[in-house]
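These notes are about the structure you will find just below.
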Amino acid sequence: MSTAGGIIRALNSGVKHLAIRRFTLRYPEQKLKFVGDGFQFNPETGVGIAGLRGRHILYHEHCTGCQLCSVACEGIAEAIGMVKVNETWKQNKKAIMPQIDYGKCVFCGLCVDACPFYALYMTNDYELSSFTKSALIYTPAQLAIKPKISQDVEIKIDDRGASHG
Amino acid sequence: MLKEFFNQETAPHATNVLVGKLGDILVRAVGKPLDYAINWGRIWSLWPVHLETACCSVEFGAASSPRYDVERFGIIEAFGSLRQCDLIVVMGTITRKMAPRLRMVYDQMPDPKYVIAMGACAITGGLYFDSYNVLPGIDGVLPVDIYVPGCPPRPETLIQGCMLLQEKIKRMKGA
Amino acid sequence: MTTQLPPGIQLENIDDRIMTLNVGPQHPGSGHMRLIIKVDGDYIVSCDPDPGYVHRGEEKMAEYRNYIQNIPHLERPVIHDSSNILYPYCLAVEELLGIEVPERAKYIRVIAAELNRCIYILYWLAIYGIFLGHSTMFMWPAGDRELFIDLLEAMSGARVTHAYLVPGGVRNDLPANFEERCLRQVDYFEKRLKEYQAVFYKNPILISRTEGTGILSRTDAIRLGTTGSVLRASGVNFDIRKKEPYDVYENLDFEPVVMKEGDSYARSYVPYLEMFESCRIIRDAIRKMPKSGSVRTKLKPNPKGGNDEVYKRVESGRGALGYYIVSNNRPEPYRVKISVGSFRNLICMPYLLKGELLGNMPAVYWSLNYWPVEADR
Amino acid sequence: MSSENEKDGQPSGTAESSEDVKSLSKDEAKKFYEEKGIDFSPDAPVKPKPIPQFEKSISDKIASKFSSKVTVDYVRNGRIRVSTKKEDILDVAHFIRDELGYDHAESVSGVDYPDSKEIEVVYHLGSYTDEKLANQVLTLATRVPREEIPTPGKDSSRMTSLREVFYSVEFHERECFEMFGVYFEGHPDNRRLLLPEDWADIPPFRKDFKIKGR
């Protein structure tokens, strides 16, 4: 008899959840909001600024072609290669800039930690799936584009449970 | 066109052309809607294999959790029987010990079957580019349809990859 | 004939009565590992675990990378417990390089480690539920896990592979209003956690499947050198956070959970109770944490360890996790050995499954808190 | 003498090399620094730490029992390291278990030293039963000969298994066997554990096994 009671109690606690808000995030329509504009690094204090570690953004006007990001990536994923760009910048005589292969990148953010010139940051963009492998290689020109994102949904907790907006 | 048809020498070729054209028209009239119907069925009932190859299975599990709920897209929770599956999500690193098993699982699945390479390790080897026991990506083992980058990818990225796969299936030949 | 075969290869005797079953690597009741099980009818005669499907040679690769480049690598064995697997590495490297950690960073590390422990246990519980055919118990922990993932994502910027702990502190400071949000979500989570009782732990179906199966006695638990929740479920009060406190655990208020039964039920109940203790630690740590200050000691580029060796261990989600690092005056370690809880609990598997019903195999196997990727390294 | 050389060499070396080094590749630069004898390691003198009493008493017990057979390498807070010859390891392990109260092995790791032609097998032992030893880890190390061309299981790199003493070393020793080629005599199950079934190379954790591109 106690077995039946236990099963009924278990079922009952599940049935109670019919009255609870739906927790599901309806992904393509709703997108989660993150802290800040992505992971950044302050070389002066040596401490990062909290944010999501998504796709990189490269500021061409700050990049000096010093290769520190690719050196930092050397033993980790070897995702960063330096390529020639057809641009003339005063600070970048060699005209080389990082090109990132997202088929290899592990989004650890140590390349951002390595950049002393505020040139390489990470953004909130994470939608990178593709049909081909070569489309995962982002050139410096592609990296310079700021991603258009509308992320506004946050987790909400009230008496009727947790939900997304 | 008609001239060629009555010419003795070119007649067989012209007949072939005619039959081919008629076939094309037939395919367009009947085959396309049929393809569309078949593909529509395939899109909304993808059954992934329950084969965890490495740590990306954590995020695959999260994708079928209540928050992301891939069942909204017709991708049912990972499934035990291979004979009823048509999607294999390679969740991460393929080691030399696992590669033959992965191929064995793939060969047992009925056609048509689709492959999603999930995570940096499955795409290129990722962190383990110089490891002695890890394959540099699964391209040599399976034909890959969709690449989902990340280490591990967020469930959103995986869902986006699944949506791309659905787009791809839509444009595939039905039968 | 058999004497001439090299070690590693042997011939198998065929018996009519005994049947050999391969459980895994493609099997709904196993992870990325294989159990070669011999059954006589419904009873398991012997079990031979065959791990190595995810052996990636982390320890070898660590010898070619410097102390910073090793960080993303060494967290990969347990990505859903990545703070805890990096914790002993950071402690060991700090001792090798002689780095002092700021006080605030110590507290942030503890918070990250405890949040991560909850994430690990909830994932483990979700899989335990689905192994036993209880799909509600997959959905609830997998959903509640997202609360903590959100918190760690706000701290570190990634869902699971945080790479947040570094030798010398943490990568970045807490975001604004983190403490408030953390306390709110922890409160809500504790409320949710209590609901698991009726649906899972007091459920007669679960009790009949797990109670009395796979009993590991106290002496055997010690003899086999088990660790973590497996050990504590067998009545040994051993928690490294209490016995050998690292960072600020000695200032924090918690009690290790110990049960005496030693069966699958106890092994699944101990991690559940540990989550309450984790919540207690998080609350306590947020209260005692210095409100501001530095969080990271700056390292020299390419730091070198001396001619020394160090063994550091912490309590992770699966038990004691130790790093043995030998250094020889170079930026790269000479040898890194990770002593992981999963590998230490692997020895229980042939021991506990012998004589058990085949149907109880998933209940016993996953109650050992075993994560194959970590065991293989 | 050497320290004087270093002090003389360092400033002049760095001043000269600052221009040269940039054009050198990584390996060349490394060689360059090694030839100049420049060391970047911190040269601050290491302060001797006080030797903790409780750990000292344990190490004294071992040292007095096996006077010449064992050497106590270091005694630190919670950590003791004892090394012994491979012939004596069984006796020492019995003493450690029965008299001192260590009851399980946390890990068995091998360290390859190709220069001295030895492989070191390191046992980390802990205790669950003794409350006082809970924060102690005793490191028991021994060295076995190392073969240039290994044939795992058949060459001279072998030692007595400690499975009889510490039952928990079973899987650890199997791992050590396949990763270093150290054969454990008396172990019932010296089989392959983690590596693929068709592995035909030398044991991978030996230093002469090079991974791709390194």
- Item | Residue satisfying all of: in the stretch B:68-80; within 9 Å of another protein chain (Cβ to nearest Cβ) and assigned to a loop (DSSP other than H, G, I, E, B); least open to solvent (accessible area, probe 1.4 Å) among these | B:Tyr68
- Task: Can you confirm whether the stretch C:308-316 contains a residue that is closer than 26 Å to C:His73 by Cα, surrounded by fewer than 22 Cβ atoms within 10 Å (Cβ to Cβ) and either modelled with pLDDT of 90 or more or touching a helix residue (DSSP H, G or I) at 6+ places or on another chain (Cβ under 8 Å) (or both)?
- Result: yes
- Just one of the numbered conditions (1) among the hydroxyl-bearing types (Ser, Thr, Tyr); (2) open to solvent by less than 10 Å² (accessible area, probe 1.4 Å); (3) within 16 Å of the chain's Cα centre (by Cα) is not true of C:Ser156; which one? (3)
- Out of all the residues in the stretch C:331-347, is one or more among the aliphatic types (A, V, I, L, M), surrounded by 22 or more Cβ atoms within 10 Å (Cβ to Cβ) and under 30 Å from C:Phe178 (Cα atoms)? no
- Query: Which numbered condition trips up B:Ser65, out of (1) at the interface with chain C (Cβ under 9 Å from one of its Cβ atoms); (2) in a strand (DSSP E or B)?
  - Reply: (2)
- Message: Condition first: surrounded by fewer than 16 Cβ atoms within 10 Å (Cβ to Cβ) and either facing chain C (nearest Cβ under 10 Å) or under 22 Å from C:Asp308 (Cβ atoms) (or both). Now tell me which residues in the stretch D:119-159 satisfy that.
- Response: D:Thr129, D:Glu131, D:Thr151, D:Lys154
- Note on the structure: All-but-one check, A:Val83 against (1) of a type in the set (Val, Ile, Thr); (2) closer than 18 Å to A:Ile137 by Cα; (3) assigned to a loop (DSSP other than H, G, I, E, B), failing number (3)
- Look through the stretch A:110-159, keep the residues that are more than 11 Å from chain B (Cβ to nearest Cβ) and among the charged types (D, E, K, R), and return whichever of them is most open to solvent (accessible area, probe 1.4 Å). A:Lys148
- Item | Output for the stretch C:174-205, where each listed residue is farther than 18 Å from A:Asp158 by Cα, touching a Gly at 6+ places or on another chain (Cβ under 9 Å) and open to solvent by less than 50 Å² (accessible area, probe 1.4 Å) | C:Pro175, C:Ala198, C:Val199, C:Phe200, C:Asn203, C:Pro204
- Could you tell me whether any residue of the stretch C:163-176 is at positive phi and more than 7 Å from every other protein chain (Cβ to nearest Cβ)? yes
- Message: List the residue pairs whose Cβ atoms are under 9 Å apart, where the first residue sits in the stretch D:185-202 and is within 9 Å of chain C (Cβ to nearest Cβ), the second is β-branched (Val, Ile, Thr) and open to solvent by less than 90 Å² (accessible area, probe 1.4 Å), and the two are 6 or more positions apart or on different chains.
- Response: D:Pro196/B:Thr95
- Note on the structure: Considering the stretch A:3-61, residues that are free of Cβ contacts under 8 Å to residues at least 12 places away in the same chain, closer than 23 Å to C:Tyr164 by Cβ and within 19 Å of the chain's Cα centre (by Cα), and then whichever is most open to solvent (accessible area, probe 1.4 Å), we arrive at A:Asn42
- Task: Can you give me the ranges of the helices (runs of 4 or more DSSP H) entirely in the stretch C:181-258 with at least 3 residues that are within 19 Å of C:Ala126 (Cα to Cα)?
- Result: C:204-210
- Message: Given the criteria in a helix (DSSP H, G or I), out of contact with any Leu (no Cβ under 8 Å at 6 or more places or on another chain), closer than 30 Å to A:Cys111 by Cα and not β-branched (Val, Ile, Thr), does C:Glu146 qualify?
- Response: yes
- Item | In the stretch C:80-131, the residues that are more than 14 Å from chain B (Cβ to nearest Cβ), among the small types (Gly, Ala, Ser) and in a helix (DSSP H, G or I) | C:Ser83, C:Ala92, C:Ala105, C:Ala112, C:Ala113
- Quick check: anything in the stretch C:117-124 surrounded by fewer than 24 Cβ atoms within 10 Å (Cβ to Cβ) and either over 17 Å from B:Cys55 (Cβ atoms) or not assigned by TED's automatic domain parsing to the domain that holds C:Arg181 (or both)? no
- Message: So, in the stretch A:84-109, how many residues would count as being under 27 Å from B:Ala117 (Cα atoms), open to solvent by 20 Å² or more (accessible area, probe 1.4 Å) and more than 11 Å from chain B (Cβ to nearest Cβ)?
- Response: 1
- Given the conditions (1) out of contact with any Ser or Thr (no Cβ under 7 Å at 6 or more places or on another chain); (2) not in a helix (DSSP H, G or I), report the number of the one that C:His162 does not fulfil. (1)
- Residue within the stretch C:287-297 that is away from chain D (no Cβ under 14 Å), in contact (Cβ under 8 Å) with a residue 12 or more places away in the chain, farther than 19 Å from C:Arg241 by Cβ and buried (at least 24 other Cβ atoms within 10 Å of the Cβ) present: yes
- Message: Just to check your reading of the model, which residue among C:Lys298, C:Lys312 is farther than 26 Å from D:His172 by Cβ and not in a helix (DSSP H, G or I)?
- Response: C:Lys298
- Task: Return only the number of the condition from (1) touching a Lys or Arg at 6+ places or on another chain (Cβ under 7 Å); (2) under 30 Å from C:Gly169 (Cα atoms); (3) assigned to a loop (DSSP other than H, G, I, E, B) that C:Ser278 does not satisfy.
- Result: (3)
- Query: What number goes with the only condition from (1) under 27 Å from C:Ile338 (Cα atoms); (2) at pLDDT 85 or above that C:Asn302 does not pass?
  - Reply: (2)
- Item | Residue check for B:Arg96: within 13 Å of chain C (Cβ to nearest Cβ), within 21 Å of the chain's Cα centre (by Cα), over 18 Å from B:Ile159 (Cα atoms) and not β-branched (Val, Ile, Thr) | no
- Given the conditions (1) at positive phi; (2) out of contact with any helix residue (DSSP H, G or I) (no Cβ under 9 Å at 6 or more places or on another chain), every one holds for B:Gly74 apart from (2)
- Query: B:Gln8 passes all but one of (1) over 26 Å from B:Thr93 (Cα atoms); (2) in a helix (DSSP H, G or I); (3) not small (Gly, Ala, Ser); which number fails?
  - Reply: (2)
- For C:Pro350: the one exception among (1) part of a helix (DSSP H, G or I); (2) out of contact with any helix residue (DSSP H, G or I) (no Cβ under 7 Å at 6 or more places or on another chain); (3) more than 11 Å from every other protein chain (Cβ to nearest Cβ): (3)
- Set A:Gly48, A:Gly54, A:Gly6: member being facing chain C (nearest Cβ under 10 Å) and assigned to a strand (DSSP E or B): A:Gly48
- Out of all the residues in the stretch B:122-139, which are more than 9 Å from chain A (Cβ to nearest Cβ) and under 14 Å from B:Pro153 (Cβ atoms)? B:Ala122
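The values are calculated or read from the model by the stated rules, or taken from the named source; none is laboratory data. No experiment lies behind these values; they were computed from the predicted model shown. Every residue, glycine as well, gets a Cβ built from its backbone with ideal geometry; the counts of neighbours run over all protein chains shown. The area values use the complete protein model at the heavy-atom level, side chains included, leaving out ligands, DNA and RNA. Shrake-Rupley method; radii C 1.70, N 1.55, O 1.52, S 1.80 Å.
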